[in-house]
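Notes follow once the structure below has been shown.
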Amino acid sequence: MSDKIVNILLVEDDDVDIMNVQRAFKKNNILNPLTVANNGVEALDKLRGTNGASKITPAPRIILLDINMPKMNGLEFLKELRADPVLHNISVFVMTTSNDDKDRFEAYNYNVAGYVIKPITFENFVAAVSILNNFWQLCEQP
């Protein structure tokens, strides 16, 4: 179904992790358009079309979010996103190396759809992205 092809925003500051997500998408034949922002400030600018950034249209329905980033980390981004009346309902999956319970609890308090700890091996990462793809393919969007 063509409405299952939705924009996805990846908020990640590590170039290797960005490349791994792109490779995992390709390996899983995920055709969703993927936009990259390197931190929370840049992501909000792309979502809102502010500070000279081109607005992502249509707005992404899914955000893949790292926690540890400069300028505005993932938890600060989540707080801002959930407070925005236009953007608050976007599904967010945290994909991070942070296994800190405090980060996990805070992320779930901001209503994330899932919290995935980045696996060490690329094969495990590809499997995790495949599971995420299956999840968002099955979920009906408003």
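Just a few scattered comments:
- Residue check, residue 86 part of a strand (DSSP E or B), among the β-branched types (Val, Ile, Thr) and more than 14 Å from residue 7 (Cα to Cα): no
- Looking across the stretch 46-81, the residues that are of a type in the set (Lys, Arg), at negative phi and out of contact with any strand residue (DSSP E or B) (no Cβ under 9 Å at 6 or more places or on another chain) come down to 48, 55, 79.
- Residues in the stretch 14-40 that are more than 15 Å from residue 125 (Cβ to Cβ) and crowded, with 19+ Cβ neighbours inside 10 Å: 37, 39, 40.
- Residue in the stretch 69-79 that is buried (at least 17 other Cβ atoms within 10 Å of the Cβ), of a type outside the set (Ser, Thr, Tyr), touching a residue at least 40 places away in the same chain (Cβ under 8 Å) and assigned to a loop (DSSP other than H, G, I, E, B) present: yes
- Tally, over the stretch 97-112, of residues that are part of a helix (DSSP H, G or I), within 15 Å of residue 73 (Cα to Cα) and either touching a strand residue (DSSP E or B) at 6+ places or on another chain (Cβ under 8 Å) or among the polar types (S, T, N, Q) (or both): 3
- Any chance residue 56 is crowded, with 20+ Cβ neighbours inside 10 Å and among the β-branched types (Val, Ile, Thr): no
No value in this document is a laboratory result; all are computed from the given coordinates. All values reported here derive from a predicted model rather than from experimental measurement. Ideal geometry is used to build each Cβ from the backbone, glycine not excepted, and the neighbour counts take in all protein chains shown.
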